[in-house]
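For reference, the structure is listed below as structure tokens.
Every number in this text was worked out from the coordinates using simple rules, so none of it is lab data. Since this is a predicted model, take the numbers as computed values, not measurements. With ideal geometry, Cβ positions are generated from the backbone for all residues, glycine too; neighbour counts draw on all protein chains shown.
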Amino acid sequence: MPIEPPPTRWVLPSPERADPQGLVAVGADLEPGTLLAAYRTGLFPMPFGRRRIGWWSPDPRGILPLDRLIVSRSLRRSCQRFEIRVDSAFETVMRRCGDPRRPHGWINDDFVRAYTLLHELGWAHSVETWLDGELVGGLYGVRVEGLFAGESMFHSATDASKVALVALVEMLREDDAQLLDVQWRTEHLASLGVVDVPRAEYLRLLAAAVRAPE
């Protein structure tokens, strides 16, 4: 079972206060209690400028309905090529996702440290694809009750990140999860079944998936 950290010392604003770009607030910290409070509220963090943290709630929000994953014939074949591992290289997956050579890279050392701590507490997880003993793809995110909040993915072999997503969906379905959040819908993610939902609908789904700790 995950270890519940001390509660955040911050009062997080409502996601409905977001500006047109989805930015809700700037500031606070990346302590485990703050991160969990944010995900339970419907927010997620990204760097804002050089040293500050932005908290976001896009409208619409990208989600992948767990019964609507699109697996093409070629992707199904690719699923046979890779070995799937879970949580065996969490920090490495994060750093590969945050490779500064990737376009729009945003995962800095502060985020790596924060989410690695969240992983050590049992809340953040990686799903990895390996080929001939080499890590060639994966994704990471945060699991809170029936929510999995996907953060980022990477690949260095064809279809490796897609195969990790297929494995994640299978695991979430087996574990009766309810909501796979991907933040923003892209054309790449849409080809796998990701859809947009209004913020109000996302918050309704989130409330059903996440319950407050006792």
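Take S72, project a point 7 Å from its Cα along the Cβ direction, then tell me which residues of the stretch 159-192 have their backbone nitrogen under 18 Å from it.
Answer for the stretch 159-192: 159-167, 186-192.
So what is log10(I(q)/I(0)) for the stretch 1-86 at q = 0.10 1/Å, when the Debye sum runs over its Cα atoms only?
-0.42
Around G122, with a cut-off of 12 angstrom between Cβ atoms, what is the net charge of the other residues, counting Lys and Arg +1 and Asp and Glu -1?
Once all neighbours under 12 Å are counted, the net charge is -2.
Mind checking the full-extension length gain between L117 and S14? Use 0.36 nm per residue of separation minus the Cα-Cα distance, one decimal, nm.
Separation in residues times 0.36 nm, less the Cα-Cα distance, equals 34.5 nm.
Determine, at each q value in 0.11, 0.17, 0.26 (inverse angstroms), the log₁₀ of I(q)/I(0) that the Debye formula gives when each Cα of the stretch 58-141 is one equal point scatterer.
Computed log10 I(q)/I(0) values: -0.39, -0.89, -1.21.
Kirkwood hydrodynamic radius, the stretch 102-171, all distinct C-alpha pairs: what's the number in Å? Working shown, then result.
Values: mean 1/r = 0.0779 Å⁻¹.
Mean inverse Cα-Cα distance, inverted, gives 12.8 Å.
Calculated from DSSP H runs of 4 or more alone, at -39500 (n - 2.57) each and per residue, what is the 222 nm mean residue ellipticity of the chain, nearest 500? Could you put the intermediate results ahead of the total?
Values: 7 runs with 66 residues, N = 214.
Counting only the DSSP helices, I get -9000 deg cm²/dmol.
Quick one: length gained pulling S191 to E174 fully straight, 0.36 nm per residue minus the C-alpha distance?
Additional length available on full extension: 3.8 nm.
Evaluate the relative contact order of the chain (contact order divided by residue number), counting alpha-carbon pairs under 8 angstrom at least 6 apart; express in whole percent.
So the answer I get is 24 percent.
So, with +1 on the Cβ of K and R and -1 on the Cβ of D and E, and no other charges, what is the size of the charge dipole of the chain about its Cα centre, to the nearest 20 debye?
Dipole about the Cα centre, nearest 20: 560 debye.
Obtain the radius of gyration and the Kirkwood radius of the chain from its C-alpha atoms and give Rg over Rh.
0.94
State the Kirkwood hydrodynamic radius of the stretch 15-56 in Å, one decimal place, computed from all pairs of distinct Cα atoms.
10.3 Å is the Kirkwood radius here.
Whats the longest run of the chain with zero trypsin sites (Lys or Arg not before Pro) that are DSSP loop and have at most 11 other Cβ atoms within 10 Å?
The reported range is 102-210.
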